[in-house]
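Quick notes on the structure that follows.
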Amino acid sequence: MSFKVPRGTQDILPGQTEKWQKVEEIIRHLCHVYRYQEIRTPIFESTELFQRGVGDTTDIVQKEMYTFEDRGGRSITLRPEGTASVVRSYVEHKMFGQPDQPVKLSYMGPMFRYERQQAGRYRQFVQFGVEAIGSKDPAIDAEVIALAMNVYAAAGLKDIKLVINSLGDHEVRTKHREALVKHFEPHIHEFCPDCQSRLKKNPLRILDCKMDREHPLMATAPALTDYLNEGSASYFDQVKNYLDILGISYEVDPNLVRGLDYYNHTTFEIMSTAEGLGAITTLCGGGRYNGLVEEIGGPESPGIGFAMSIERLLLALEAEGKELNTENQLDVFIVTMDADSKRKAVELASSFRAKGISTEIDYSNRKMKAQMKAADRQGAKWVIVLGEQELAENVASVKNMESGNQEKIPFHDLVNYLQTH
Ligand code: HAM
C-alpha cells in the first residue's frame, strides 16, 4: 500500500520552506510597518458563520466547503477564508469598543476549499490577509491596497497589475441588480444551470461565470459603474485619488465582480501579467464590506481587507524567473576521524551554535573524503578537520571552502576566528 498527499494539498519540503519563510518575513515586516497586528482564529468555525458571512449563494458555500458534523452534532466547517472569522472575533471581543478605530488586523494560515485542482488552485492553501474594521475613510482603502502591492514589490515581483472597481452601496446594487435581471432573463435558458439559478438569487455573479464567459450578453451587460449614485461615485473617486497620491497605478474594470457576497464600494484584485503562469493569474483579492459586521451580530462597523495566497505569490515569482534571497547558509562542517574527535566535535558544535554559528557534524561514520563531499554538498563556508594530531595539539584545522586557505587555530580561539573571518 502506498500513501500520497490528499488531492489538492502539497508537502512543502526543505528547499521550498526557505522561500516560504522569506515571504513570511517580508509580510511580518510590512505588517509591522503598516501597523496590522496579528490575529489567530480557529481553523474551524460553525458552518453558519460562513453561510452568513461569505454568503449562501456563493460557490464557496454551495460547493466548496469542508463541512462535517462533530461528535456533539454541530455542523462545523474548515475555514474557506479568513474575513468571516476575523469579523466574528471583532464582534465577540467587542473590538468595536476600542478607542482607536479602525482595528487593523492581519492573519496568515491554511484555508480549505474543495475546488478542482490545477496549477495555483489547491484544496488547502495558505492565505495572508488583513482586515481594517471600523472606518469608512477612503484613505484606508488605499492603504490596504498599498500594503498588498508592497508585499509583491518586496518579494521582487515586477509583472503586477492592480484592477479596481466599485460595487457601490445598497441602493446602487439594487438598481443594478434589477437591470441585470432584465438583461439576462429573456435569454437565461442559453446559460449554464448555475447562472439560471443565480438570476434571481444573485445575478451579479453571472458576470463572474467561467462557463458562459463568451456569451454575447456578457459584454453588453449593464455595468455597475453606470449605476453609481453620487455618494458611491465620490467615494470611488477619493479612493482613486489616494492611489494616485501613493503612486499606485490601476485599471478600472467595471466587470470586476468578486466571488464573495459581502462586498460593496471598493473591490480590487492584483494579477500577475507574467507569461507562463497558466490560467490562474489572480494573486490577491479584496474589498470593502460595510454591513458584514452587522450581519455577524455587531454594531455598524465598516471594513475593508484583502487576502492573498503564498502559493500563488511563489508561482508568480517562478513565472518571472525571480529567486528570493533566502539565507540558509551552513557556516561550519566539522569532519571527524574517530570516537575521540567525534566527542570534541560534539562539544565544539554546541559552543558554535550557542554563538549563532550554524554547524553540522557527521552522524554516519563516513570516511573523511565522504564527509568533505557532504560539507561541499551542503554549501559549508568552513570545514574544520579534527584528527589525532589536532586533538594532541589542541588546535583545529580550519579550511575556507571558497578560497581554499587552511589554517590551524587553537580551540579556544575558534569562535572568535569564525566570527571575524
Ligand atoms: P478570495 O478572492 O476568495 O477572497 O481569495 C483571495 C486569494 O486567496 C486569492 O486571490 C488567491 O490568492 C487565494 N486563493 C483563493 N482560493 C485559492 C485556492 N484554491 N488555491 C490557492 N489560492 C487560493 C477572500 O478569501 C477574501 N476573504 C478576501 C478579503 C479579505 N476580502 C476582504 N477581506
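We did not get these values from a lab; they are worked out from the coordinates using the rules stated. Note that the structure is a prediction, hence the values are computed from the model and not measured. Ideal geometry is used to build each Cβ from the backbone, glycine not excepted, and the neighbour counts take in all protein chains shown.
What whole-number value in cubic angstrom gives the convex hull volume per residue for the C-alpha atoms of the chain?
It is 214 Å³ per residue.
Given R₀ = 22 Å, what would the calculated FRET efficiency be for Asn365 paired with Glu18, taking r from the Cβ atoms and rounding to 0.05?
So the FRET efficiency works out to roughly 0.15.
Can you give the FRET efficiency for Glu48 and Glu171, using 1/(1 + (r/R0)^6), R0 = 35 Å, r = Cβ-Cβ distance, to the nearest 0.05?
Efficiency, from the Cβ-Cβ distance: 0.80.
Using a Cα-Cα cut-off of under 12 Å, which aspartates and glutamates could be cross-linked to Lys344, ignoring same-chain neighbours fewer than 8 residues away?
By straight Cα distance, Lys344 reaches Glu388, Glu390.
From the phi of every residue in region 252-264, what ³J(HN,Hα) in whole Hz does the Karplus formula 6.51 cos²θ - 1.76 cosθ + 1.60 yield, where θ is phi - 60° and glycine or proline is x?
Taking θ as phi minus 60°, the curve returns 9, 10, x, 9, 6, 10, 7, x, 10, 7, 7, 7, 8 Hz for region 252-264.
So if we plug the beta-carbon distance of Glu347 and Thr67 into 1/(1 + (r/R0)^6) with R0 = 41 Å, what FRET efficiency do we get, rounded to 0.05?
With R0 = 41 Å, the Cβ-Cβ based efficiency is 0.15.
Taking Cα centroids, how far is region 255-331 from region 165-197 in Å?
Measuring centre to centre over Cα atoms gives 25 Å.
In a shell of Cβ-Cβ distance under 14 Å around Gly298, excluding Gly298 itself, what net charge do Lys and Arg (+1) and Asp and Glu (-1) give?
-2
Between Tyr417 and Arg7, what is 0.36 nm times their sequence separation minus the Cα-Cα distance? Round to one decimal in nm.
142.6 nm
Using θ = phi - 60° and the Karplus form 6.51 cos²θ - 1.76 cosθ + 1.60, what ³J(HN,Hα) does each residue of region 35-52 get, whole Hz, x for Gly and Pro?
Residue by residue, region 35-52 yields 6, 10, 7, 6, 10, 10, 10, x, 6, 10, 9, 5, 4, 4, 4, 6, 4, 6 Hz.
Could you give the distance between the Cα centres of region 205-227 and region 340-404, to the whole Å?
Spelled out, the Cα-based centre of one part sits 66 Å from the other.
What do you get when you divide the Cα radius of gyration of region 332-420 by 2.2 N^0.38 Å, with N the number of residues?
In units of the globular-protein estimate, region 332-420 measures up at 0.96.
Roughly speaking, what is the stretch gain from Arg28 to Gln406, that is 0.36 nm per residue apart minus the C-alpha to C-alpha distance, in nm to one decimal?
Result: 132.0 nm gained on full extension.
Label points 7 Å out from Cα along the Cβ direction at Ala392 and Arg35: separation in nm?
6.8
Setting aside same-chain residues fewer than 8 positions from Lys161, which lysines have a Cα under 16 Å from its Cα?
In chain and number order, the partners are Lys240.
For every helix of n ≥ 4 consecutive DSSP H residues, a contribution of -39,500 (n - 2.57) applies; sum these over the chain, divide by its total residues, and give [θ] at 222 nm rounded to the nearest 500 deg cm²/dmol.
After summing the helix terms and dividing by residue count, I get -10500 deg cm²/dmol.
Given the options Ser403, Ser46, Ser232, state which has the largest fluctuation in a GNM of the chain using a 10 Å cut-off (strictly under) for Cα springs.
Evaluated over the chain, the most mobile residue of the options is Ser403.
Specify, per residue and in Å³, the volume enclosed by the convex hull of the alpha carbon atoms belonging to region 141-193.
Per residue, the Cα convex hull of region 141-193 comes to 142 Å³.
For the chain, set up a GNM with springs between Cα atoms under 10 Å and report which of Arg173, Arg343, Arg121 has the largest fluctuation.
Arg343
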